[in-house]
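The values are calculated or read from the model by the stated rules, or taken from the named source; none is laboratory data. Computed from a prediction, not measured in an experiment: that's the story for all the values here. Quick reminder, even Gly has a Cβ in these numbers, built from the backbone with ideal geometry, and neighbours come from all protein chains shown. Surface accessibility is based on the protein's heavy atoms, side chains included, excluding ligands, DNA and RNA. Shrake-Rupley method; radii C 1.70, N 1.55, O 1.52, S 1.80 Å.
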Amino acid sequence: LTGVLDDCLCDIESIDDFNTFKIFPKIQKLQERDYFRYYKVNLKRPCPFWADDGHCSIKDCHVEPCPESKIPVGIKAGSSNKYSKVANNSKELEDCEQANKLGAVNSTLSNQSKEAFIDWARYDDSQDHFCELDDERSPDAQYVDLLLNPERYTGYKGPSAWRVWNSIYEENCFKPRSVYRPLNPLAPSRGGLEFVCLFSWTGLCLEKRVFYKLISGLHASINLHLCANYLLEETWGKPRWGPNVKEFTRRFDPIETKGEGPRRLKNLYFLYLIELRALSKVAPYFERSVVDLYTGNGREDAESKALLLDIFRDTKSFHMHFDEKSMFAGDKKGAKSLKEEFRLHFKNISRIMDCVGCDKCRLWGKLQTQGLGTALKILFSEKEIQSLPENSPSKGFQLTRQEIVALVNAFGRLSTSIRELQNFKVLLQQTR
């Protein structure tokens, strides 16, 4: 993969260098911080589109939630407590620190903060979301330690996995020029991996091309994670995980995929650019003193915010950003209609993630979809972000802690994908 990407003025080599030397090491450290490692998710929501296939019984599909005893009191307080530091005293800080120093949110609220939270809740319930959000108050919603439940190959595949992606592409994705996709695994096969040309559209507008590339890039990134963290062998109960070159070739080789593999990887780079742009745009939101990544550990909180702001400085220094101003720039009525169609398509895709039969795949699918949805929300809220007050909670634009955690971890997954792609290039050269 070399050269300039379609629909933007950025080349692959520049992204590789920027990610390897600036972003990847820092985003890895940030994801290990208490604030970003705990994600609340409901893995028991029923599939809204078809009868449940039943869950994957493979042990690697299992997600281990945090035991109730290990969740700090501040986190248990619920979603109304976002991430902002509010009035507290030394005893409450001691309580937080005694709770195993896990990521917590201060549960004590001043009257002013309570009023702000009411405004925030009202805003969170509005229709600006690009994702179907889990109800954090549901008894089925649980906190998961993302570091203890890494995304990797679980063995989940076949008709159930095919149906999820087929529904995303067929029913919810704007269809581009000729694209080859695998046939239904239930269909009779003549041997080998067969493909069918699903679409042949020309003259697709920029917005719809972008939408398709985002979904394709997300799909490619997830496939890369599975190839890079594959169960290579299991002897005496000790699994060995690592890169599987054969699996990578099967999913991305031009010959194996009728030329689609390189396109998918280019879409991964495009998605990286979109989320990178969102991070650079949301920086002013976090630069305000009123926003604090609050866990109850003052030193850790300060270090986490400093590292996040350092990453924002890097994102702003990148000189070949995607220009989102070219999107929805036509007549106001048509642009508004297209933007709403864009939002509803993506929201539907987030609902499809509840149809994934493997819990670990569902966890990471929901997180990465929510991360991308948050990035889109940011890109379409530039005016609101620029007009935020410095020293008071904002009413025009707000991010929940779940959205922040999803945004950072989703971009971390893309950064990892591009880093793993470099590793596969080396491994492929060694096998030739």
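Quick one: would you say E64 is modelled with pLDDT under 85, farther than 29 Å from L279 by Cβ, open to solvent by less than 70 Å² (accessible area, probe 1.4 Å) and of a type in the set (D, E)?
Answer is no for this residue.
Where residues in the range 26-43 are touching an Asp or Glu at 6+ places or on another chain (Cβ under 8 Å) and part of a loop (DSSP other than H, G, I, E, B), which of them is farthest from L146 (Cα to Cα)?
Across the range 26-43, the extreme among qualifying residues is L43.
If I go through the range 3-25 residue by residue, how many of them are surrounded by fewer than 16 Cβ atoms within 10 Å (Cβ to Cβ), assigned to a helix (DSSP H, G or I) and among the charged types (D, E, K, R)?
Counting residues in the range 3-25 that are surrounded by fewer than 16 Cβ atoms within 10 Å (Cβ to Cβ), assigned to a helix (DSSP H, G or I) and among the charged types (D, E, K, R) gives 2.
Among the β-branched types (V, I, T), in a helix (DSSP H, G or I) and open to solvent by 10 Å² or more (accessible area, probe 1.4 Å): is that true of V426 in this structure?
So V426 fits the description; yes.
Which ranges mark the helices (runs of 4 or more DSSP H) fully within the range 249-360 that have 1 or more residues being without any contact (Cβ under 8 Å) to a residue 24 or more places away in the chain and open to solvent by 40 Å² or more (accessible area, probe 1.4 Å)?
Ranges flagged: 298-317, 332-352.
Can you tell me which condition P389 does not meet? The list is (1) open to solvent by 10 Å² or more (accessible area, probe 1.4 Å); (2) closer than 25 Å to C61 by Cα, and all the others hold.
Just one mismatch for P389, condition (2).
Considering only residues that are modelled with pLDDT under 85 and open to solvent by 40 Å² or more (accessible area, probe 1.4 Å), which ones fall in the range 26-53?
Selection gives P48, F49, W50, A51, D52, D53.
Taking R413 as the residue in question, decide whether it is open to solvent by 10 Å² or more (accessible area, probe 1.4 Å), closer than 26 Å to A228 by Cβ and in contact (Cβ under 8 Å) with a residue 60 or more places away in the chain.
yes
Find the residue count for the range 205-248, including only residues that are among the aliphatic types (A, V, I, L, M) and open to solvent by 40 Å² or more (accessible area, probe 1.4 Å).
Selection size over the range 205-248: 2.
Which pairs turn up if I take residues in the range 164-177 that are more than 15 Å from K208 (Cβ to Cβ) and of a type in the set (K, R) and look for partners that are part of a loop (DSSP other than H, G, I, E, B) and at pLDDT below 65 with beta carbon separation below 6 Å, at least 6 apart in sequence or on another chain?
Between residues of the range 164-177 that are more than 15 Å from K208 (Cβ to Cβ) and of a type in the set (K, R) and residues that are part of a loop (DSSP other than H, G, I, E, B) and at pLDDT below 65, there is no close pair.
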